[in-house]
Structures are given as C-alpha cells and as structure tokens.
Amino acid sequence: MRIKANNIKEKPLTGAEIESAVDEKLTEVAALLAGNELDDDTRDRLQQKFNNALYNRDENVAMDAIAAFNVIDKKEDASREELLDEFSILLLSNKVDSRVAGKYLKAKKINNLVLIIISVVMVMLGLSMIIIPAPPSFELFTIYYFTEDDGITIMDVIACIIILTGIYMLIRTLYEDPFLSRTNE
C-alpha cells in the first residue's frame, strides 16, 4: 500500500477541509496498523506522538500568537496610529481569546514564582555559609584578619556573591515590567 505523502494544499484551508484531511490520514494510519501487530514500546511511542501532536498544537499556537504582540512593545519611536494599525492587524491575524491570554499569564506567573523561590534560596544559602561556622579545612584562605583567629575568608566572599546574585534575581523578577501591574487611569 503506497501513501501519498504530501497532499496538503498551499492555500489556507478551512475548518471542514482540515477535518476531512485529518480523517483521511487517520483512516490511512488505521489501515496500516490493522494488518500489523505492534509491540508495547512501539504502540506507546506512536500513542505519545499522536497525543503530542493533538494536544500541543493549541499551546504552540497560543505562545506564537502572544509572541507576535510583543513586537509592538519594542517599537518606541512609532506613532500611536501606526501602533494601533499594527495592533488591529495582529488581532485579525491571530486568534487570541481570554483562554490563550490566561494561559500566557499563568505561565508567566509560574515562571516568576520559580525565580523568586530560587533567589530566596540563594540568599538563604549565602547567609548560612557566612553564619554557620565551617571547619578549618573548608575555609580556604583568609583575606583580612580582624583578630588572629577571625577574619574574612574566600568562602565569605563567595557567600556574599551568592547573596548579591540572589538579591539581583529577586529584584529583577519583582520589578521586571512595572507597567504590567498598573492600570490605565
């Protein structure tokens, strides 16, 4: 049985045409699989590939649609009329509804939450490296002595760098885009 590999048209398809093409391809796949017995690994792999194609399409389209709108934010020298024209064109060409926007905002909030947790852990790790006494074999080199037994070590400097990196990440995450939280007044 020979399968025609590329019968997709070059022009944009309507919903009914896409549905009939998908039905035709599924019938061909069913005909191919009907005569063969597949082992469990092959069947699981094919099922996973089918599920990925079926369920990931909406997420990819949604993220691409949102990414198209980010281009408008980067144009600072454009007039309001040009921005409004581009925005209306993008709204017509990309299907963005509240569900897509909600998914985008949820993903962004989760990303920010993970970055906040990582930055707080880094600050706590750095503080614990300074506060908790380390064994003498772990303290490498003393840079500045306060007394004969105490001073600033390389480990303290590394801990300060870790703390500053955590604070930088926290500030960068919390104040990434201050205009997102403000409403138009």
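What to note about this one:
- Residue within the range 130-147 that is surrounded by 14 or more Cβ atoms within 10 Å (Cβ to Cβ), polar (S, T, N, Q) and touching a strand residue (DSSP E or B) at 6+ places or on another chain (Cβ under 6 Å) present: yes
- Taking each residue of the range 75-95 that is surrounded by 11 or more Cβ atoms within 10 Å (Cβ to Cβ) and looking for partners that are small (Gly, Ala, Ser) and not in a helix (DSSP H, G or I) with beta-carbon atoms closer than 8 Å, six or more apart or interchain, yields Glu86/Ala78.
- Of all residues in the range 54-93 being closer than 28 Å to Leu26 by Cβ and of a type outside the set (A, V, I, L, M, F, W, C), the one that is modelled with the highest pLDDT: Tyr55
- Scope the range 1-34; condition modelled with pLDDT of 75 or more and hydroxyl-bearing (Ser, Thr, Tyr); matching residues: Ser20, Thr27
- Test: residue in the range 35-45 that is surrounded by fewer than 10 Cβ atoms within 10 Å (Cβ to Cβ), at pLDDT 70 or above and not charged (D, E, K, R): yes
- The condition of being surrounded by 12 or more Cβ atoms within 10 Å (Cβ to Cβ), modelled with pLDDT of 75 or more and in contact with an Asp or Glu (Cβ under 9 Å, 6 or more places away or on another chain) holds for only one of Val100, Val120, that being Val100.
The values are calculated or read from the model by the stated rules, or taken from the named source; none is laboratory data. Everything numeric here is computed off the predicted structure, so don't read it as measured data. Neighbour counts run over all protein chains shown; Cβ positions are idealised from the backbone, glycine included.
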